[in-house]
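K.L.:
Just passing along the structure, written as C-alpha cells.
Computed from the coordinates by the stated procedures, all read-outs in this text should not be read as laboratory data. What you are looking at is a predicted structure, and each value in this text was computed from that prediction instead of being measured. Ideal geometry is used to build each Cβ from the backbone, glycine not excepted, and the neighbour counts take in all protein chains shown.
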Amino acid sequence: MNFWLEAGIVITQLVAVFLSAFLGVKSAVSIENFKKDRQIKEKMLEQIYEPIWKIFFEEYIKSKGYKGITKDDYKLLREVVDTNLSYIDPEFEDMIIRNDLILESIELWGINDVLIDHDGELYNYVRTKYNELREDLKLPHFNGYRILK
C-alpha cells in the first residue's frame, strides 16, 4: 500500500513539473509575440502613418479643412509608401494604386489645379489607422469624443 501512495505522489509531482514547464514556455512565447507585435506597430506608426499624417495635416491647415492633396504632396506620400512597402496593408495599397492612376491621368493631360483624394478616402483611412495604432500603443489619440468648453 505504501508503494501506491509513493507512486501517486511521484506522478503528481511529475505532472506538476510538466504543467509548469508547459505554462512557462507558453507564457514566454506569448510575451515574445506581444513584443514583436508592438515593435511592428511602432514601426508602422513612425515610418508610415506619422509622416503621411503630417502631409495631410499641413494640407488641412493650408486649405482650412481637407479638400484633397496636391500632386507634389501626393508624391511625398508615395515616397513614404515606397520606402516602407512591407508595412503597407492591402486595403491601403489599393487606395494608393487608385490614386496613382488619377495622378497619371492628371499628368498625362497636363492638368495642374486638380487635387488628389478629393473624396477624402485616403485621408480618412490614414487618420483612422494613425489613431488606432496610437491607441494600441497607449499613446494619446483621438477617440471620437470632443470636450466642449
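K.L.:
Looking only at region 15-65, filter to residues that are within 24 Å of the chain's Cα centre (by Cα) and basic (K, R); which one of those is farthest from E79 (Cα to Cα)?
P.N.:
K35
K.L.:
List pairs: first residue in region 23-40 and under 22 Å from K138 (Cα atoms), second residue assigned to a helix (DSSP H, G or I) and not small (G, A, S) anywhere in the structure, Cβ distance under 8 angstrom, at least six positions apart or on different chains.
P.N.:
I40/Y87
K.L.:
Can I ask one more? Could you list, in sequence order, all residues of region 74-99 that are within 16 Å of R127 (Cα to Cα) and among the acidic types (D, E)?
P.N.:
The answer is D89, E91, E93.
K.L.:
Pick from E91, E59, E79: which is acidic (D, E) and within 24 Å of L137 (Cα to Cα)?
P.N.:
Going through E91, E59, E79 in turn, just one is acidic (D, E) and within 24 Å of L137 (Cα to Cα): E91.
K.L.:
Would you say D82 is out of contact with any His (no Cβ under 6 Å at 6 or more places or on another chain), acidic (D, E) and touching a residue at least 12 places away in the same chain (Cβ under 8 Å)?
P.N.:
When the stated conditions are applied, D82 does not pass them.
K.L.:
Starting from region 111-139, keep only residues that are in contact (Cβ under 8 Å) with a residue 24 or more places away in the chain, then list their pairs with residues that are part of a loop (DSSP other than H, G, I, E, B) and hydroxyl-bearing (S, T, Y) whose Cβ atoms are within a distance under 8 Å, requiring at least 6 positions of separation or different chains.
P.N.:
Between residues of region 111-139 that are in contact (Cβ under 8 Å) with a residue 24 or more places away in the chain and residues that are part of a loop (DSSP other than H, G, I, E, B) and hydroxyl-bearing (S, T, Y), the close pairs are L115/T70; I116/T70; G120/Y66; Y123/Y66.
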